[in-house]
Amino acid sequence: MRRKARLDERVAACREDGRLLVLNVDDRHFQRAVETKEYLDFEKLFGNKNPVVLEIGAGKGQFCCTLAKNFPEINILAIEKSSNVIVDAAEKAISLDLKNCLLVRCDAEYLERYIPEGSVSRIYLNFSCPFPKKSYASHRLTHRRFLEVYKKLLAPGGEIHQKTDNREFFEFSLCEFSQSGYILKNVSLDLHASDFEGNIVTEYEQRFTDMGLPIYRLEAVPG
Ligand SMILES: C[S@@+](CC[C@H](N)C(=O)[O-])C[C@H]1O[C@@H](n2cnc3c(N)ncnc32)[C@H](O)[C@@H]1O
């Protein structure tokens, strides 16, 4: 994707507003990613003690902004590694004046550095990059090394909800969740033909659904 015009200026305006945080700018190779802890203070950031849910790979923010609008009683922390796309998400949250939606430009490699253990009630993985090459498997957000991190971040009773259009990635995810001791529930091989209610459609989901592709979905609970 081409770098957006006036990107730095737009990012600066969103940071000034307070709805966009930019973290880890000085550690591009993750060498110091989790060595130190710099936990975010959710109560201070959101101004309340409401439950926090985490979206990883939030893209342009259609999902997190809709979730925040529909559920003002929960706080949404949406993480995305690309400034080029998260700027759209942050501008969306600002234009809708969503006080319960905070965008964080950060790579998932840093989760343990910034997010306190047992602090999030749900993790959403929407259309995460499938990284089809075998040699990139460890970058997939459902690789077992990430699933172990998510276990630490989730509060008791917490869950992971995943959606994807990619069958191979979904199969890989099912195996990784099982291998890591998660209990799977509400697994669907065609979400839009199922009786699941309350689905919030993401940008990628809309694109794949328009192409007539099925959407795979699962919920996973640490065992
Ligand atoms: C295919 S897009 C999906 C965007 C959005 N969730 C949706 O459903 O429309 C995947 C997004 O995840 C982001 N991403 C991939 N790996 C990531 C990582 N390790 N940490 C944070 N974001 C990541 C990418 O930059 C990209 O914006």
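Selection of the stretch 151-178 for residues being among the aromatic types (Phe, Trp, Tyr) and out of contact with any helix residue (DSSP H, G or I) (no Cβ under 8 Å at 6 or more places or on another chain) yields 169, 170. Of all the residues in the stretch 188-223, those that are touching a residue at least 60 places away in the same chain (Cβ under 8 Å) and of a type in the set (Gly, Ala, Ser) number 1. Check the stretch 34-55 and report whether any residue there is farther than 17 Å from residue 118 by Cβ, among the β-branched types (Val, Ile, Thr), modelled with pLDDT of 95 or more and surrounded by 15 or more Cβ atoms within 10 Å (Cβ to Cβ). Scanning the stretch 34-55, I find no residue that is farther than 17 Å from residue 118 by Cβ, among the β-branched types (Val, Ile, Thr), modelled with pLDDT of 95 or more and surrounded by 15 or more Cβ atoms within 10 Å (Cβ to Cβ), so the answer is no. Counting only strands (runs of 3 or more DSSP E) wholly contained in the stretch 135-223, the ones carrying 1 or more residues that are closer than 21 Å to residue 80 by Cβ and more than 15 Å from the ligand (Cβ to nearest atom) occupy 154-164.
Rundown of residues vs (1) surrounded by 17 or more Cβ atoms within 10 Å (Cβ to Cβ); (2) in contact with a helix residue (DSSP H, G or I) (Cβ under 6 Å, 6 or more places away or on another chain), yes/no style:
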{"residue": "180", "(1), (2)": "yes, yes"}
{"residue": "183", "(1), (2)": "no, no"}
{"residue": "188", "(1), (2)": "yes, no"}
{"residue": "198", "(1), (2)": "no, no"}
{"residue": "204", "(1), (2)": "yes, no"}
{"residue": "213", "(1), (2)": "no, no"}
{"residue": "216", "(1), (2)": "yes, yes"}
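If I filter the stretch 116-163 down to residues being among the polar types (S, T, N, Q) and under 22 Å from residue 217 (Cβ atoms), which single residue comes out as surrounded by the most Cβ atoms within 10 Å (Cβ to Cβ)? Here the answer is 142.
The values are calculated or read from the model by the stated rules, or taken from the named source; none is laboratory data. On a predicted model such as this, the values are computed, not experimentally measured, just so you know. Quick reminder, even Gly has a Cβ in these numbers, built from the backbone with ideal geometry, and neighbours come from all protein chains shown.
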